[in-house]
Amino acid sequence: MGNFIFTIAGLALGLDCQAPDQRDLIRELWNRLYVLENGTSLSPDLQYLFKIPGQVIETNSEGAEVISDSLHLSVLRRKFEYTLQSGSSTLIVDVENGKCTGVLNEDFWEQPLEYQREYFLLSFLMLLQPKRRYGLHANVIENDNIGYIIAGPAGSGKTTLTLSMVLSGWKLLSDDANILYDTPQGIYAYALRRGLSCTTDTLKHFPELSAAADESPNLSEGKKLLDIESLIPESVTPRCMPRVLLFPEITSERTSQLISIGDTEAMIALIEQSPGIMTYHHLIVKQMGVLNSLLQQTHSYRLILGSDLFDSPETVSDLLHSAQ
Amino acid sequence: MNRILRWNMLTTSTKVSPDANVVFTEMENGESVLLHLGTNEYFSLNETGTLIWKGISDDRNLGEIGKELENTFDVTEEQATQSVMRLVESLLAQNLVSVKSG
């Protein structure tokens, strides 16, 4: 069949499928959900191989540790191999060799888009970690070549702030899942997820987007995937160097404010938001080192968000500029 | 002479070792963060705690760590020993370290 090559966070990612139709389906899905560029490479750094649907993939669950087990996804780990099971579809992630082998059956394509996205996202993060690229559960935006990381739990205002700033002229890397890459020049953030996931509650604050939201695909019940790049030209960027770390909190205050915080408090807050599914000790040590390096190149703040975020977002934009 | 403090039999010659599941990250400000991969709990240590943890990781006994604390922070031997013992008791309670036998 032949490999199709993407580039992900500076690495060549190969996609090979034994079923020709399925390769096109997966390509289309990946292009829709992730920030992947077309690439060329004879020997990709990471490789996916999908077998003919219906084929059985042998898995060895003896001695495997259950990492996660929900209705739509279970994750097992055995030595340096993860097994991701979603319905009757299986993906075996060989972390040591940068390879994924899987079978995607019909039930996979019937799942909500959000579950399909999570399935591949997890495998990407697992494969990227040994390549010194670490997942960060945060939104990243950029302005004047300065990257801003927005981290926090659900409901803290990350998406609202992100959408408000993008509508004010800022650029979006990714929401929720970005990659941190430790280079000699510093820590770079790379976009991973494409589009902006918004709940219908968040979208109520942006009536100018209601028409676009209605036409946007459903990720899951009550959540839409906004194609920001199509809505606002030149509103996305694939990578940036983060210089500001923000931990927002939506309040009933009138005016937003920044409160500087120390590295230890910021580190704790980042750990709370870091993907917890990876449990290899030596990789976590490196990941913590990357977070530590990130803190050395950024200023960290608690961002108390007030009603000015909606009434006069340019005020909040100016406030964020002052955080550099 | 070993000095025995409190009922839990920690002495100045006691050695403890970090749990294999604990990841230690030292910050630029001299503080540190401990992450227990088994429980996903995390703890922060101030500068004193960081120095104590590093002494534990270097396989020193509690008396040796107390001595270093004394020299570094200009405190009395009594204060240093109490700081070490208090923290080690907390670390034991959180399963972040265990007492070495022998």
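Just need the Rg to Rh number for region B:26-74, please, alpha carbons only, Kirkwood Rh.
Values: Rg = 11.8 Å, Rh = 11.5 Å.
Rg/Rh: 1.03.
Over chain B, what is the relative contact order in whole percent, taking alpha-carbon pairs under 8 Å and six or more residues apart?
Relative contact order of chain B: 29 percent.
With +1 on each Lys and Arg Cβ and -1 on each Asp and Glu Cβ, how big is the dipole of chain B about its Cα centre, in debye rounded to the nearest 20? List each step's numbers first, then the result.
Working: 8 positive and 15 negative charges, 100 e Å.
With only Lys, Arg, Asp and Glu charged at Cβ, the dipole is about 480 debye.
Give me the aspartates and glutamates in straight-line cross-link reach of A:K223: C-alpha distance below 13 Å, same-chain residues under 8 apart excluded.
Reachable aspartates and glutamates: A:E114, A:D201, A:D214, A:E215.
Take the Cα radius of gyration of region A:240-304 and divide it by 2.2 N^0.38 Å, with N its residue count; two decimals is plenty. Don't skip to the end; give the middle numbers.
Details: Rg = 13.7 Å, N = 65, 2.2 N^0.38 = 10.7 Å.
Against the compact-globule rule of thumb, the ratio is 1.28.
Report A:H299's accessible area, 1.4 Å probe, all protein chains in place, as a number in Å² to the nearest 10.
Here the residue's solvent-accessible area equals roughly 100 Å².
Taking a probe of 1.4 angstrom, what is the accessible area of B:T48 in Å², to the nearest 10?
Probe radius 1.4 Å; accessible area of B:T48 about 40 Å².
Compute, for B:D59, the solvent-accessible surface of its heavy atoms (probe 1.4 Å) with the complete set of protein chains present, and express it in square angstrom to the nearest 10.
Approximately 60 Å² for this residue.
Would you list, by chain and number, the lysines whose Cα falls below 20 Å from the Cα of B:K54, excluding same-chain residues fewer than 8 positions away?
B:K54 reaches A:K286, B:K15, B:K67, B:K100.
Let me see the P(r) profile for region A:1-60: every Cα-Cα distance counted, bins of 5 Å, each bin given as a percent of all pairs.
Pairs per bin, as whole percents: 4, 19, 26, 24, 15, 9, 3.
Seen from all sides and averaged, what is the projected area of the convex hull of the Cα atoms in region A:170-324, in nm²?
10.5
Compute a Gaussian network model of chain A, connecting alpha carbons closer than 10 Å, and tell me which residue from A:A191, A:A64, A:A151 fluctuates the most.
Checking each option, the largest mean-square fluctuation is seen for A:A64.
Work out the FRET efficiency for A:K286 and A:A211 from their Cβ-Cβ distance, taking R0 = 41 Å, and round it to the nearest 0.05.
The value I calculate is 0.35.
Would you please calculate the Kirkwood hydrodynamic radius of chain A over all C-alpha pairs and express it in Å, rounded to one decimal?
20.5
Give the ranking of A:L42, A:L225 by solvent-accessible surface, highest area first, calculated with a 1.4 Å probe.
Greatest to least solvent exposure: A:L42, A:L225.
Considering only protein heavy atoms, what per residue accessible area in square angstrom results for chain B with a 1.4 angstrom probe? Each step should come with its number before you reach the end.
On the way: 5630 Å² over 102 residues.
Result: 55 Å² of accessible area for each residue.
Run the quick spin-label model on A:S307 and A:V66: label points 7 Å from Cα toward the beta carbon, then report their separation in nm to one decimal.
In this crude spin-label approximation the distance works out to 4.9 nm.
Report the accessible surface area buried between chains B and A, summing both sides, using a 1.4 Å probe on protein heavy atoms only, in Å² rounded to the nearest 100. Mind showing how you got there, number by number?
Numbers: alone 6290 and 14650 Å², together 19630 Å².
Rounded to the nearest hundred, the buried surface is 1300 Å².
Can you bin chain B into rounded, prolate or oblate? Criterion: square roots of the alpha carbon gyration tensor eigenvalues sorted a ≥ b ≥ c, rounded for a/c under 1.5, prolate for a/b above b/c, oblate for the rest.
Oblate shape, in that a/c is at least 1.5 and b/c is the bigger or equal ratio.
I need the fraction of alpha carbon pairs in region B:46-94 separated by more than 18 Å, rounded to a whole percent.
16
At a 1.4 Å probe radius, which order do A:I268, A:I141 fall into by accessible area, largest first?
In descending accessible area the options line up as A:I268, A:I141.
Going by accessible area, probe 1.4 Å, with all protein chains left in place, what is the ranking of A:K204, A:K286, A:K224, A:K171, largest first?
The residues order as A:K204, A:K286, A:K171, A:K224, largest area first.
Give me the dipole magnitude in Debye, nearest 20, for the protein assembly as shown about the Cα centre, with unit charges on the beta carbon: positive for Lys and Arg, negative for Asp and Glu.
Details: 32 positive and 55 negative charges, 169 e Å.
For this selection, approximately 820 debye.
Using amide H atoms built in the peptide plane, which far-off residues or other-chain residues are under 5 Å from A:R194 H to H?
Close amide H contacts, sequence-distant or interchain: A:Y34, A:V35.
Calculate the spin-label point distance for A:E229 paired with B:M9, positioning each point 7 Å from the Cα along the beta-carbon direction, and give it in nanometres.
Each label point is offset 7 Å from its Cα along the Cβ direction, giving 6.5 nm.
Given axes a ≥ b ≥ c from the Cα gyration tensor, I'd like to know whether region A:1-139 is rounded (a/c under 1.5), prolate (a/b larger than b/c) or oblate.
It is rounded, given that a/c, with a ≥ b ≥ c, falls under 1.5.
Pick out, from B:T39, B:S101, B:T12, the residue whose Cα sits farthest towards the positive end of the charge dipole of chain B, with +1 on the Cβ of Lys and Arg and -1 on the Cβ of Asp and Glu.
Looking along the dipole axis, the top candidate is B:S101.
Under a cut-off of 18 Å between alpha-carbon atoms, report the lysines in cross-link reach of A:K51, not counting same-chain residues fewer than 8 places apart.
The reachable lysines, counting only those whose Cα sits under 18 Å from A:K51, are A:K99.
Residue by residue through region A:65-74, which ³J(HN,Hα) values in whole Hz follow from phi under the Karplus form 6.51 cos²θ - 1.76 cosθ + 1.60 (θ = phi - 60°), with glycine and proline marked x?
Taking θ as phi minus 60°, the curve returns 9, 7, 8, 7, 8, 10, 4, 9, 7, 10 Hz for region A:65-74.
Figure the gain on full extension for A:T183 and A:S88 (residue separation times 0.36 nm, minus the Cα-Cα span) and round it to one decimal in nm.
Extra length from A:T183 to A:S88 when fully extended: 30.3 nm.
Please give the FRET efficiency for B:S17 paired with B:E89, using the beta carbon to beta carbon distance and R0 = 22 Å, rounded to the nearest 0.05.
Result of the calculation: an efficiency of 0.90.
With an 8 Å Cα cut-off and a minimum separation of 6 or more residues, compute the relative contact order for chain A in percent.
Details: 638 pairs, mean separation 46.9, N = 324.
Relative contact order, chain A: 14 percent.
The values are calculated or read from the model by the stated rules, or taken from the named source; none is laboratory data. Just so you know, these numbers come straight off a predicted model, no measurement behind them. No Cβ is skipped: glycine too gets one built from the backbone with ideal geometry, and neighbour counts run over all protein chains shown. Quick note on the areas: whole protein, heavy atoms, side chains included, nothing else; ligands and nucleic acids left out. Shrake-Rupley method; radii C 1.70, N 1.55, O 1.52, S 1.80 Å.
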